[in-house]
Structure formats: structure tokens, C-alpha cells
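Engineer: Sharing a structure here in C-alpha cells format.
The values are calculated or read from the model by the stated rules, or taken from the named source; none is laboratory data. Bear in mind the structure is a predicted one, so any value in this text is a computation, not a measurement. Neighbour counts are summed over all protein chains in view; Cβ atoms, including those assigned to glycine, are modelled from backbone coordinates with ideal geometry.
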Amino acid sequence: MNANRGRIVMNQNLEDLGTRMLRNEVPLSWTEEKGCGFLSVKPLTNWLTDLAARVDFLNKWEADGTPKCFWMSGFFFPQAFLTGLKQNYARKYK
């Protein structure tokens with residue numbers, strides 16, 4: 001909220017960020033501009049809950065090793081995961 005207090009210059013990106021957060025929408029700068037976030041039609045609160053679940057899933061995978069089942073919709077790009085899975089299977093069984 002530094003822009004609201006006059007500490008930094010308010011620009012269109014900051015205004016869009018604030019407006020979308022007030023509307024409980026995921027800011028475009030989180031998903032479209034930088035491409036860092038995952039695409040979803042969920043409201044911001046549910047998007048953040050989903051993000052926390054995805055991070056938790058990946059942290060458990062790293063700490064506990066490969067899981068017995070995978071949360072496919074939790075992957076950012078599940079097609080790449082499935083391609084890698086097929087390649088590993090093909091290498092193992094020729």
C-alpha cells in the first residue's frame with residue numbers, strides 16, 4: 001500500500017493489482033504477464049489455497065520421495081509430466 005500512501009508512484013499495473021485483489025480475482029501480473037502462476041478461473045482466495053496445496057504436494061514429494069499416486073491437476077503442465085513418465089518407462093523396459 002505504499003502507492004496509496006504516496007511513497008511510490010501509482011501506475012496502471014499497481015492499480016490493476018489492487019482492483020483485482022479487492023474483487024477477489026487473481027491479478028493478471030501473477031499469471032499472464034510473467035507466466036509464473038498457474039491459470040485458473042477460481043477466485044483469489046481459492047487460488048491461494050490451491051497454490052498452497054500444490055507447494056505442499058511438491059515439498060512432500062521432495063522430502064518423502066516419489067509418491068505412489070500423483071495429483072495430476074496440481075501440476076502446472078501435466079502433459080510434460082506424462083511425457084517424461086512415458087520416456088522413463090520406455091528407457092527402463094526398452
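Engineer: Filter the range 31-72 down to the residues that are surrounded by 12 or more Cβ atoms within 10 Å (Cβ to Cβ) and not in a helix (DSSP H, G or I) and list them by number.
Structural biologist: Of everything in the range 31-72, those that are surrounded by 12 or more Cβ atoms within 10 Å (Cβ to Cβ) and not in a helix (DSSP H, G or I) turn out to be 37, 38, 40, 42, 43, 70, 71.
Engineer: Looking at the range 66-78, is at least one residue among the hydrophobic types (A, V, I, L, M, F, W, C) and modelled with pLDDT of 95 or more?
Structural biologist: No - not one qualifying residue is present in the range 66-78.
Engineer: How many of the residues in the range 29-75 are within 12 Å of the chain's Cα centre (by Cα) and of a type in the set (Ser, Thr, Tyr)?
Structural biologist: Within the range 29-75, residues that are within 12 Å of the chain's Cα centre (by Cα) and of a type in the set (Ser, Thr, Tyr) number 4.
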